[in-house]
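**Student:** One structure, as structure tokens, below. Some questions next.
The values are calculated or read from the model by the stated rules, or taken from the named source; none is laboratory data. Every value quoted in this text rests on a predicted model; they were computed, and no experiment measured them. Counting neighbours? That spans all protein chains shown, and the Cβs are built from the backbone with ideal geometry, glycine included.
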Amino acid sequence: MADTLLTDSECEALRERALSQPLVTHIYTADPSAHVFEGRIYIYPSHDIEAGVAFNDNGDHFAMQDYHVLSLDHPQAQAVDHGVALHIDDVPWAERQMWAPDAACKDGRYYFYFPAKNAAGRFQIGVATSDSPTGPFKPQPAPIQGSYSIDPAVFADDDGSFYLYFGGIWGGQLQQYRNNQYSAQYAEPDASEPALGPKVARLRDDMLEFAEAPREIIILDEHGKPLLAGDNERRFFEASWLHKYQGKYYFSYSTGDTHFICFATGDSPYGPFTYQGRILEPVIGWTSHHSICELNGNWYLFYHDSVLSKGVTHLRSVKMAPLQHDANGRIVTLTPYRD
Ligand code: FUB
């Protein structure tokens, strides 16, 4: 394993690999959440399938039913598929649509967080546990109390606290909540109003429930004003991720209908965060979803696109490319790697 900074030629080789091939090609994978556990890179993706469900604005055609875990011995290695880690049939409360997951490790135990729709058609977030980073994961019988919407992402802070970020508008249903309460009457704010923010809650010590009511994250513009709902090129849509670099918290996310992965920085895991720029320009396919992790001083972006399926938006493939923070801590924008 490379235990030093990547050389320029190693970086270039990794970029080339991202250009030409996904991490795995025998199944479709998306929404990669990557972490380094015990020196190895583990990737927790969605497992895309063709379920024959008609396309609609709610994303019902993203009808995934299980999760696989991938891992890499080192960044240049061939990814290993560890097989099914959790199936919807084993989750008592989940009916359909296992969307973007994430995982965390605490005291040698692994916690897998995943969204799915319940019998009422509402997304909630569940947790499943294992002694192994690759599962199989045993789900809790009920979803996390007070959870809703999609795209859980866990951040482990230096003081041992774990935070769960979540939320996504449109098919992710976040627009139907205010102050953590659901109403079918709620909708997206008007274009001139502050955009809906993602949510964050610190996790309880046992990692199985929220330790507090979810709080809204505010993303500010360069004047210190919240981004507006009509600012489609910058406002939050889905795909929360948090990483820490040189003491700053970096919140990154997808802008959905404008297809960018952007980042904003702040001084607390709760925000507020100030918009800084783009990490990734649009990929092939409607959705964009990423994660960022560090191994031996090198930073990596994990993302997906629909190149392998020739543009089928719900049949995506996970890729990995080097990511760079410049001397001022700004993330250098990547252009996607198309063939
Ligand atoms: O994979 C289903 C959904 O597509 C995810 O939850 C979103 O982030 C988008 O990537």
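**Student:** Do any residues in the stretch 278-307 that are touching a residue at least 12 places away in the same chain (Cβ under 8 Å) have Cβ atoms under 6 Å from those of residues that are away from the ligand (no atom under 16 Å from the Cβ) and of a type in the set (Asp, Glu), where the two are at least six apart or on different chains, and which pairs are they?
**Tutor:** Listed pairs, sorted by first residue: 296/3; 307/339.
**Student:** A further question follows. Counting residues that are touching a Pro at 6+ places or on another chain (Cβ under 6 Å), which strands (runs of 3 or more DSSP E) fully inside the stretch 58-120 reach at least 2?
**Tutor:** 109-117
**Student:** Looking at residue 72 and the list (1) away from the ligand (no atom under 16 Å from the Cβ); (2) in contact with a Phe, Trp or Tyr (Cβ under 9 Å, 6 or more places away or on another chain); (3) closer than 17 Å to residue 130 by Cα, which single condition is not satisfied?
**Tutor:** Every condition holds for residue 72 apart from (3).
**Student:** Whether any residue in the stretch 320-339 is under 18 Å from the mean Cα position of the chain (by Cα), among the charged types (D, E, K, R) and modelled with pLDDT of 95 or more is what I want to check.
**Tutor:** no
**Student:** For the stretch 26-46, does any single residue satisfy the condition of being within 20 Å of residue 111 (Cβ to Cβ), away from the ligand (no atom under 16 Å from the Cβ), aromatic (Phe, Trp, Tyr) and buried (at least 21 other Cβ atoms within 10 Å of the Cβ)?
**Tutor:** Yes, there is a match, as at least one residue in the stretch 26-46 is within 20 Å of residue 111 (Cβ to Cβ), away from the ligand (no atom under 16 Å from the Cβ), aromatic (Phe, Trp, Tyr) and buried (at least 21 other Cβ atoms within 10 Å of the Cβ).
**Student:** Ok, one more. For the structure I just gave you, tell me whether residue 98 is free of Cβ contacts under 8 Å to residues at least 40 places away in the same chain, hydrophobic (A, V, I, L, M, F, W, C) and buried (at least 19 other Cβ atoms within 10 Å of the Cβ).
**Tutor:** no
**Student:** Moving to a separate point now. Go through 84, 91 for me and flag whichever is surrounded by fewer than 24 Cβ atoms within 10 Å (Cβ to Cβ), within 25 Å of residue 26 (Cβ to Cβ) and touching an Asp or Glu at 6+ places or on another chain (Cβ under 8 Å).
**Tutor:** Answer to the selection: 84.
Okay, residues lined up against (1) within 13 Å of the ligand (Cβ to nearest atom); (2) touching a Gly at 6+ places or on another chain (Cβ under 6 Å); (3) farther than 30 Å from residue 186 by Cβ; (4) not aromatic (Phe, Trp, Tyr):
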{"residue": "112", "(1), (2), (3), (4)": "no, no, no, no"}
{"residue": "117", "(1), (2), (3), (4)": "yes, no, no, yes"}
{"residue": "122", "(1), (2), (3), (4)": "no, no, no, yes"}
{"residue": "130", "(1), (2), (3), (4)": "no, no, yes, yes"}
{"residue": "134", "(1), (2), (3), (4)": "no, no, yes, yes"}
{"residue": "147", "(1), (2), (3), (4)": "no, no, no, yes"}
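**Student:** Shifting gears a bit: Return the pair list, or none, for Cβ contacts closer than 6 Å from residues in the stretch 133-156 that are in contact (Cβ under 8 Å) with a residue 40 or more places away in the chain and among the acidic types (Asp, Glu) to residues that are assigned to a loop (DSSP other than H, G, I, E, B) and buried (at least 22 other Cβ atoms within 10 Å of the Cβ), at least 6 apart or on different chains.
**Tutor:** Note: pairs meeting the criteria are 151/100; 151/168.
**Student:** Quick one: residue 22 ticks every box in (1) closer than 30 Å to residue 108 by Cβ; (2) in a loop (DSSP other than H, G, I, E, B); (3) in contact with a strand residue (DSSP E or B) (Cβ under 7 Å, 6 or more places away or on another chain) bar one, so which box is it?
**Tutor:** Among (1) closer than 30 Å to residue 108 by Cβ; (2) in a loop (DSSP other than H, G, I, E, B); (3) in contact with a strand residue (DSSP E or B) (Cβ under 7 Å, 6 or more places away or on another chain), residue 22 violates only (1).
**Student:** Let me ask something additional. Looking at the stretch 188-200, is at least one residue modelled with pLDDT of 95 or more, under 30 Å from residue 108 (Cβ atoms) and either in contact with a helix residue (DSSP H, G or I) (Cβ under 9 Å, 6 or more places away or on another chain) or not aliphatic (A, V, I, L, M) (or both)?
**Tutor:** Checked against the condition, which is being modelled with pLDDT of 95 or more, under 30 Å from residue 108 (Cβ atoms) and either in contact with a helix residue (DSSP H, G or I) (Cβ under 9 Å, 6 or more places away or on another chain) or not aliphatic (A, V, I, L, M) (or both), the stretch 188-200 yields at least one hit.
**Student:** Moving on. With the requirement that a residue be modelled with pLDDT under 95 and among the small types (Gly, Ala, Ser), what does the stretch 14-38 give you?
**Tutor:** Once the filter is applied, which keeps residues that are modelled with pLDDT under 95 and among the small types (Gly, Ala, Ser), the stretch 14-38 yields 18, 20.
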